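Single-structure report; data block below.
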Amino acid sequence: MDNQRRKFLKIAGISALAGIGAPALAKLTSTSAFAAAQEGHTAAAGAAHGATEQSGIQLGMVIDMRKFIEKPEMLDRAIAACARVHNVPEFPPEKKKSEIKWIWKTPFENAFTDQSQARLSTAVEHAQFPVLCNHCAEPACVKVCPTKATFKQKDNGIVAMDYHRCIGCRFCMAGCPYGARSFNWEDPRPYVKTYNPDFPTRMRGVVEKCNFCGERLALGLKPACVEACEGSGAMVFGDINDEKSEVRQVLAKEFTIQRNASAGTKPSVFYIV
Amino acid sequence: MIEKTLKGKPAYWIWLAFLGTFVAIGAACYVRQYIYGLALTGMSRDVSWGIYISQFTFLVGVAAGGLMLVLPYYIHDYKAFGKLTILGEFLAISAIAMCLMFIMADLGQPLRGLNMILHPTPNSMLFWDMVVLLGYLTLNVLCGWVILTAERKGVHPPKWIYIFVYISIPFAVSIHTVTAMLYCGLPGRHFWLSAIIAPRFLASAFAAGPALIVVACLIMKRVAHFDAGKEALAKLSTIIMYAAIINTFFVILEFFVGYYSNVPGHIHSLQYLFFGLEHHGHVYNNLVPFMWGSVFLNFAGLGLLAYMKFNEWTDGMLGAACVMIFFALWIDKGLGFVLGGFVPNMLDQVVEYYPTANEVGITLGIWAAGFFLVTVLYKIAVGVEHEIE
Amino acid sequence: MYNKGTIIPGLIIFVLILTSPIWYNGLKAGDLPKPEAPMGVGKQCVLPVQEMRDTHMQLLNQWRDEVLRDDDRSTVVVNGKTYRKGLQMACMQCHTDKEKFCDTCHEYASVKPYCWDCHLTPKQAVSKKETH
């Protein structure tokens, strides 16, 4: 009886939220999603020694490079959307030293440093890959932070930053095996093109990076980059620990690779090349 | 005892004024950096630690090096070091003070430094580094001061202080081990990801620290009539020689592992530091002259020390050998180790780092402040020594 | 006592310097600040006025920790209107003028919160508006 009521509430909750207009992401923001993720998971056979199936929600992303190779301008749109939403500054070339990156593009050889670079297909060799924070299941940056200014969000697996607490020691930048973190070497505001009034800028002296749009997820929106590629399937976002999620369906169907998987941090961003 | 710092020959005051000038310049540079931000340094997203952190790393070693005086005297009852242990302790105090200043200079938000204590995070090696450094600083202040006070009064130091002296021995090892763990536990940085980093750090520390003390002794022999004794200096030179040889051995092992295994990640940083790293048709090699300078100084210093073992030696030779070893290790650890680890970056790109004038100003200022402190502390130690003679 | 002649005048000078701001301001604390209340949104805030005056900084810290660290982005309702927790997203929706509201007291009390190093005042937010 109880079980049924819970199910009913869950369905009611989800459909209510779906009504607001967030069908795909409702699961991630409602508390019932947590229970759903913990229920009935069949553990996938661990590929590595001692690998355990992760539980709880872990937001992740599949990036389909076939789509980006077809429409490279889509990636520029995604990067611009991210910068606009998060007030990410854009420094002129002579100030490259101070640059801030959340999501940016780079060739295969730079994105996948531990993959073979030999005899790449022409398309891949010339493609620009989007790279961003991997929101690792076991992030090195979180392990090394001396103040818990960067931490793993329990309810969705996002590797988040608390800019109020960061002391700017940059240990996380040394620790991150993806080069995903940027430091505000100077006041970023003069280089922010347009302000999003809903989001702060950063102050100088703190580290920043992609936050998987935690603030947008709370509103039932998709991450800005994902939204910019809407409809193309170039970026699929969701809970990679939930078998029923769209992102898991894609992962089950396609062969994907991760950046620098040998670092052991269990990255949550997958690429279809 | 502090009053001893207020009386000195003109040379003493000129030396302090000279250092004071650099401290003032460094302070002015720091004010600029504090107001404008760390963009005034040469650091970037790709080389996110520069000479501040590399100096810090080297100086932790200098602080730990005092162990090579404390250990023989207190554990092995090696009497010849009796006059010198206080110098090791006072050098450790100054070196750790410099370490703390370099850390503060490097922080993006120095006013939030206390967050390390307000939000203690045991999984971060930086937290443990703070714990052991502050612990070692406290132990040295306590032991140095109590023992020197007893010496001045011509009595035996109180028994309880020996507990702290013995505790300070593992602490000295721990400060440099934990500092090595800052680097060797990071998954993506192949140059640092090596179990030999901690032993290598300790070996170089046990050469660099005593080398500096020997140089200080030789200078004080001339300017302050402080004679460390020929036996003590000879023994120290042996310690320096063995430690430097072990360090050299460890570095050669790194070369073997990298080049014999042919694993790219293990080769790249060494290639960049010693031969220049080719990347898209450009060879990046701005640290190559320094690293070969270090190799030359290291072997020249070792050669001279070896020569001294079989022949009559002079203070000049000993001083020259120690200066060479000290600079060799300073380049090795205080420059190459930290900067080399960032090349190539996590995306296999190469960005070379050049410190800016402002950054060098702050660095020199902190070194000068450290030498200022060590001068003043040694003045006290030597003053007490003269008083009881 | 040795050197009475120097120590006592020295102490007096020290105390005078230490208390100089008091003498400089003629024993007055200056005019009390009058922060300008927001117009046309009613008198209601998330807490009673006196409580806000005393503890708004604690509340902001609490919101910050809830939103950023615990991902608790639940909303607050004031006067039937829903706000998302946050300085920009809640407070400054009504208190639109930082200079006339926040700064008046902060300047008087000589406190310099670093909120606006990151957070945008409505004025700043429109200074670089999206143009499309």
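Taken together, the values in this text are just the output of simple stated rules run on the coordinates, not laboratory data. None of the values given here were measured: they were computed from a predicted structure. Here the Cβ positions follow ideal geometry from the backbone for every residue, glycine too, while neighbour counts run over all protein chains shown.
Computed from backbone phi with θ = phi - 60° and the Karplus coefficients 6.51, -1.76 and 1.60, the 3J(HN,Hα) list for region A:167-179 is 9, x, 7, 6, 5, 5, 5, 6, x, 5, x, 10, x Hz; x is used for glycine and proline.
Near A:Asp64, the amide H atoms lying under 5 Å from its own belong to A:Met235, A:Val236, A:Ile272; only residues 5 or more places off or on other chains count, and H is placed 1.01 Å from N. Positive-end ranking of C:Phe101, C:Ala29, C:Met39 along the dipole of region C:12-109, with charges on Cβ about the Cα centre, is headed by C:Met39. Pairs of Cα atoms nearer than 8 Å and 6+ residues apart set the relative contact order; for chain B it is 30 percent.
Rounded to the nearest whole angstrom, the semi-axes of the ellipsoid equivalent to region B:282-389, taken from the Cα gyration tensor as √(5λ), stand at 35, 23, 9, largest first. The dipole here belongs to region C:47-118: it is taken about the Cα centre, uses +1 on the Cβ of Lys and Arg and -1 on the Cβ of Asp and Glu, and is about 200 debye. Name the shape class, rounded, prolate or oblate, that the alpha-carbon gyration tensor gives for the protein assembly as shown, where a ≥ b ≥ c are the square roots of its eigenvalues, rounded holds for a/c under 1.5, and otherwise prolate holds if a/b is larger than b/c and oblate otherwise. Oblate shape, in that a/c is at least 1.5 and b/c is the bigger or equal ratio. For the protein assembly as shown, the antiparallel share of DSSP beta bridges with both residues in that region comes to about 85%. When restricted to Cα atoms, region B:227-354 yields an Rg and a Dmax of 17.5, 58 Å, respectively. Look at where the Cα atoms of region B:315-361 and of region A:234-264 average out, and the two centres are 43 Å apart. Structure remark: mean-square fluctuation, Gaussian network model of chain B, C-alpha springs under 10 Å; the largest value among B:Thr314, B:Thr57, B:Thr356 belongs to B:Thr314. Residues in region B:328-345 carry Karplus couplings, in order, of 4, 6, 5, 5, 4, 9, x, 9, x, 4, 6, 5, x, x, 8, 10, x, 7 Hz; the curve used is 6.51 cos²θ - 1.76 cosθ + 1.60 with θ = phi - 60°, and Gly or Pro positions show x. Looking at region B:88-194, the trypsin sites (Lys or Arg not before Pro) that sit in a DSSP loop and have at most 16 other Cβ atoms within 10 Å of their own Cβ are B:Lys159. Going by neighbour counts of Cβ atoms within 10 Å, the residues B:Lys333, B:Lys9, C:Lys85, A:Lys193 line up, fewest first, as B:Lys9, A:Lys193, C:Lys85, B:Lys333.
Extending 7 Å from Cα along the Cβ direction at A:Glu70 and again at C:Leu47 yields two label points whose distance is 5.5 nm. Here region A:56-272 is treated as a Stokes sphere of Kirkwood radius computed over C-alpha pairs; at 20 °C and 1.002 mPa s its diffusion coefficient rounds to 121 µm²/s. Of the GluC sites (Glu not before Pro) found in region C:21-77, those in coil by DSSP whose Cβ has at most 12 other Cβ atoms within 10 Å are C:Glu36.
Our coupling estimate for region B:56-67, obtained by passing each phi through the Karplus curve with A = 6.51, B = -1.76, C = 1.60 and θ = phi - 60°, is 3, 4, 5, 6, 4, x, 4, 5, 5, x, x, 4 Hz, Gly and Pro reported as x. Arranged from fewest to most other beta-carbon atoms within 10 Å of their beta carbon, A:Arg181, A:Arg84, C:Arg53 become C:Arg53, A:Arg84, A:Arg181. Taking amide H as placed 1.01 Å from N in the peptide plane, the amide H of A:Cys133 sits under 5 Å from that of A:Cys210, each at least 5 places away or on another chain. Taking the number of Cβ atoms within 10 Å of each Cβ as an exposure proxy, the fewest-first ranking of B:Leu373, B:Leu339, B:Leu126 is B:Leu373, B:Leu126, B:Leu339.
Per residue, chain B reaches -24500 deg cm²/dmol at 222 nm when only DSSP H runs of four or more residues are counted, each adding -39500 (n - 2.57). When only Cα pairs below 8 angstrom with a gap of at least 6 residues are kept, region C:47-118 shows a relative contact order of 15 percent. Each Cα pair under 8 Å and six or more residues apart adds its separation to the average, and for region B:54-202 the resulting relative contact order is 27 percent. In loop segments of region A:51-110 as defined by DSSP, the GluC sites (Glu not before Pro) with at most 16 further C-beta atoms inside 10 Å of their C-beta are A:Glu53, A:Glu90. In a simple Cβ point-charge model (Lys, Arg +1; Asp, Glu -1; nothing else charged), chain B has a dipole of about 680 debye relative to its Cα centre. When +1 charges are put on Lys and Arg Cβ atoms and -1 charges on Asp and Glu Cβ atoms, the dipole computed for the protein assembly as shown relative to its Cα centre reaches about 1040 debye. Seen against the Cα atoms of chain C and their longest principal axis, helix C:49-64 is set at about 70 degrees.
Net length available on complete extension from B:Arg152 to B:Val31 is 39.5 nm, with 0.36 nm assigned per residue and the Cα-Cα distance removed. In a shell of Cβ-Cβ distance under 14 Å around A:Arg119, excluding A:Arg119 itself, what net charge do Lys and Arg (+1) and Asp and Glu (-1) give? Cβ neighbours under 14 Å give a net charge of -2.
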